[in-house]
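Here, each number is a calculation from the coordinates, and none is a lab measurement. Because the structure is predicted, anything quoted here is derived from the model rather than measured. Note that we place each Cβ from the backbone using ideal geometry, even for glycine, and neighbour counts take in every protein chain shown.
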Amino acid sequence: MPFRDLAKIDGIELFRDLPLAPLTTFRIGGRAKIFVRPRRIAALEAALACLQDKGVAYKILGRGSNLLIDDKGVEAVISLAALNALRDLVPDESGGSILTVEAGHGLGRLISWTSARGLSGLEGLCGIPGSVGGAVKMNAGAGTWCIAHILHSVCFTGPGGSCWVSGDRLEYGYRSLEVPSGAVVSMVRLRLFQKERSSIYSEIRALMKKRTKTQPLGRPSAGCIFKNPPGDSAGRLIDLCGLKGLAVGGAEVSFIHANFIINRGGASSADVIGLMDIVKDTVRSITGIELAPEVAIWGMRQ
Ligand SMILES: Cc1cc2nc3c(=O)[nH]c(=O)nc-3n(C[C@H](O)[C@H](O)[C@H](O)COP(=O)(O)OP(=O)(O)OC[C@H]3O[C@@H](n4cnc5c(N)ncnc54)[C@H](O)[C@@H]3O)c2cc1C
């Protein structure tokens, strides 16, 4: 076990057998045998190098809002929660601003910060409970808008160091961004522009009102469980198949939004996978459409 080597790295917090469920919005999952939380980019590089060197498989954790983790747990997790500094805000040539932020910064807190300064661009992410790095990795968004639209550049960190890649060279698609193998999104530069604060706040209020009405926000979930198939909505298809309220153990297809599976208390990872399988099979047999998971699944078949 590389525990002793990891413990020598300056600027990390290290835990053994840490329960992961409380670190996810689904509240599901076992323990991480090794849990590493770097506080600096250099410490992240060193931790990645150490784990790769020892051949230990590791996972990257943002805010755990798009994750289903196996109850059996995983070998090693690197959490980016402590890499959460706002680094820089500089004007760009087009009259807007470029904000540099570390990947572990929470989206909600960032949107509060930018809105209070009349900086617009992030409103489409309001109500999404993830980190900036997780949002970039998942290319988070709503409707036709996604975070890739405001990416100036992304810093990838691997065991050998870090490098910035400009937005026009990034490869992204619906809810995904290509990250070089073994690397992590460690910092992000976002293009923002000045706008009346009142108009930013009223847009956020309208979006939050819509979310509160259409999503089961009071219950543990991982957001949309399946990707929307091209030109359609997974929620519409699941609803059409009469699956709202269907349950396996503690996992239930939400009555409020059919593409949310909620943990109604004590759901296991197997309950969720079992329910996802039934939903997929039913939607395929009735509509002929194959649903693919949007949620990232750790430690089980995907
Ligand atoms: C109530 C609710 C509503 C939601 N609504 C939306 C929505 O409207 N639109 C939307 O797009 N999503 C939505 N989501 C899903 C989720 O919030 C987003 O995908 C979010 O961006 C995930 O960020 P995270 O930090 O929580 O990532 P995590 O859940 O921690 O990780 C998700 C995946 O990304 C990887 N990852 C995380 N950080 C990094 C990094 N820095 N570098 C490399 N890989 C990384 C992880 O390894 C994992 O595979 C919702 C979720 C909930 C619970």
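Note on the chain: with a GNM built from Cα contacts shorter than 10 Å, the maximum mean-square fluctuation among ASP71, ASP92, ASP239 falls on ASP92.
How do the peptides 281-287, 216-222 rank, highest first, by the average count of neighbouring beta carbon atoms within 10 Å per residue?
Details: 281-287: 14.4, 216-222: 18.3.
Highest mean packing first, the order is 216-222, 281-287.
Sorting the segments 167-180, 116-129 by their mean number of nearby beta carbons within 10 angstrom, highest to lowest, gives 116-129, 167-180. Between ASP17 and ILE289, residue separation times 0.36 nm minus the direct Cα-Cα distance comes to 93.9 nm. Let me know the shape class of segment 155-302, please: from the alpha-carbon gyration tensor, a ≥ b ≥ c as square roots of the eigenvalues, rounded when a/c is under 1.5, otherwise prolate if a/b is greater than b/c, or oblate. Verdict is oblate for segment 155-302.
Helix-only mean residue ellipticity at 222 nm, the chain, DSSP H runs n ≥ 4 weighted -39,500 (n - 2.57), per residue, nearest 500. What is it?
Working: 7 runs with 78 residues, N = 302.
Mean residue ellipticity, 222 nm, calculated: -8000 deg cm²/dmol.
Using a cut-off of 31 Å between Cα atoms, the listed pairs LYS72/LYS210; LYS137/LYS213; LYS213/LYS280; LYS8/LYS59; LYS210/LYS280 include LYS72/LYS210 as exceeding that distance. As a rough guide to protection, the peptides 248-261, 42-55 ranked by mean Cβ packing within 10 Å, highest first, stand as 248-261, 42-55.
To the nearest 20 debye, what charge dipole does the chain have about its Cα centre, counting +1 at the Cβ of each Lys and Arg and -1 at the Cβ of each Asp and Glu?
Details: 36 positive and 27 negative charges, 149 e Å.
So the dipole magnitude of the chain works out to roughly 720 debye.
Calculate the length of the line joining the C-alpha centroid of segment 35-71 to that of segment 196-265, in whole Å. Computed from Cα coordinates, the inter-centre distance equals 29 Å.
If you take the square roots of the eigenvalues of the alpha-carbon gyration tensor of the chain and sort them as a ≥ b ≥ c, do you get rounded (a/c under 1.5), prolate (a/b over b/c) or oblate? Note, shape of the chain comes out oblate. Based on the alpha-carbon gyration tensor of segment 23-65 and its eigenvalue square roots a ≥ b ≥ c, which shape applies: rounded if a/c is under 1.5, prolate if not and a/b is larger than b/c, or oblate? Judged from the Cα gyration tensor, segment 23-65 comes out oblate (a/c at least 1.5, b/c at or above a/b). Which one, SER162, ALA222, SER94, is farthest towards the positive end of the dipole of the chain when Lys and Arg carry +1 and Asp and Glu -1 on their Cβ? Comparing the listed Cα positions along the dipole, ALA222 ranks first.
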